[in-house]
Amino acid sequence: MTTAAVTRTPLTGIRKAIAERMAQSHAQIPGVHVVEECDVTRVDLRLLLAHVCRAVAELASAHPLFNAHVVGDEILAYDDVAVGFAVDTPRGLVVPVLRDPLAHSPEELTTQIAGLAERARAGRIAARDISGATVTVTSPGRSGGILATPLINPPQTAIIGVHRATERVVAVAGAVAVRRMLNLTVTFDHRVIDGAEAGRYARGLRAVLEREA
């Protein structure tokens with residue numbers, strides 16, 4: 001009888017921290033998902049993540065529970081918006097933070113995103129740059145997949161997913177047209193946010209993105 005070779009890798013560092021937070025999220029947060037189709041035909045896809053971050057910031061005042069933390073028995077709703085965005089690095093997922101996205105143009109935000117992502121992948125990200133997020137946006141569509149259901153990053157109450165854009169034949173104003181569509185997911189903490197409110201929030205995000213286009 002032969003013994004198969006096994007490679008043992010300790011669960012340490014960033015990977016261990018990710019494992020602990022995702023296990024906490026899965027065990028403690030009843031995350032529920034709302035999906036909206038969004039027409040991004042006229043959006044410059046190089047600026048898409050910036051547009052989404054700005055849309056999240058724009059909706060924060062009307063939907064404060066989506067810019068909040070759950071700490072113990074309290075909901076902490078923040079006036080300031082700090083949007084974390086997920087970056088795939090050789091050491092695991094890192095979430096740099098964009099502060100006050102509405103104070104910057106999509107082009108400026110895209111430059112900030114690129115710089116933070118580069119530093120994250122190089123292992124040169126500062127602690128301040130990965131702390132204080134009030135909500136998170138993730139873009140799994142860049143790696144593949146037209147739909148995913150990400151876990152919420154505790155103690156946040158929501159995570160927004162931006163998925164791969166594909167050309168589809170759709171009905172537009174009574175006619176048939178080829179449009180570039182993507183799925184936009186809103187995963188929300190059902191302890192503090194009701195489904196109807198999440199649906200309104202998801203439709204609001206779609207409306208802002210399609211307006212910006």
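Tabulated values for the structure
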quantity: Any chance residue 32 is in contact with a strand residue (DSSP E or B) (Cβ under 8 Å, 6 or more places away or on another chain), modelled with pLDDT of 95 or more, over 22 Å from residue 107 (Cβ atoms) and not polar (S, T, N, Q); calculated: yes
quantity: Residue 51 vs. criteria at pLDDT 95 or above, surrounded by 18 or more Cβ atoms within 10 Å (Cβ to Cβ) and within 14 Å of the chain's Cα centre (by Cα); calculated: yes
quantity: Any strands (runs of 3 or more DSSP E) falling wholly within segment 75-116 and containing at least 1 residues that are free of Cβ contacts under 8 Å to residues at least 40 places away in the same chain and β-branched (Val, Ile, Thr); calculated: 87-89, 97-99
quantity: Selection count, segment 42-81, where residues are touching a helix residue (DSSP H, G or I) at 6+ places or on another chain (Cβ under 9 Å), within 12 Å of residue 156 (Cα to Cα) and of a type in the set (Gly, Ala, Ser); calculated: 1
quantity: Selection count where residues are among the polar types (S, T, N, Q) and either touching a Ser or Thr at 6+ places or on another chain (Cβ under 7 Å) or over 24 Å from residue 182 (Cα atoms) (or both), scope segment 113-144; calculated: 2
quantity: Residue 182 vs. criteria under 18 Å from residue 32 (Cα atoms) and touching a residue at least 12 places away in the same chain (Cβ under 8 Å); calculated: no
quantity: So residue 125, is it under 22 Å from residue 18 (Cβ atoms), touching a Pro at 6+ places or on another chain (Cβ under 7 Å), surrounded by fewer than 19 Cβ atoms within 10 Å (Cβ to Cβ) and hydrophobic (A, V, I, L, M, F, W, C); calculated: no
quantity: Complete set of residues in segment 153-182 that are under 19 Å from residue 44 (Cβ atoms) and touching an Asp or Glu at 6+ places or on another chain (Cβ under 7 Å); calculated: 178, 179, 180, 181
quantity: Residue match in segment 92-115 (condition: more than 21 Å from residue 158 (Cα to Cα) and of a type in the set (Lys, Arg)); calculated: no
quantity: Where residue 28 falls short, out of the listed (1) of a type in the set (S, T, N, Q); (2) surrounded by 12 or more Cβ atoms within 10 Å (Cβ to Cβ); (3) free of Cβ contacts under 8 Å to residues at least 60 places away in the same chain; calculated: (3)
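The values are calculated or read from the model by the stated rules, or taken from the named source; none is laboratory data. Quantities reported herein were computed from a predicted structural model and do not represent experimental measurements. Note: ideal-geometry Cβ built from the backbone for every residue, glycine included; neighbour counts use all protein chains shown.
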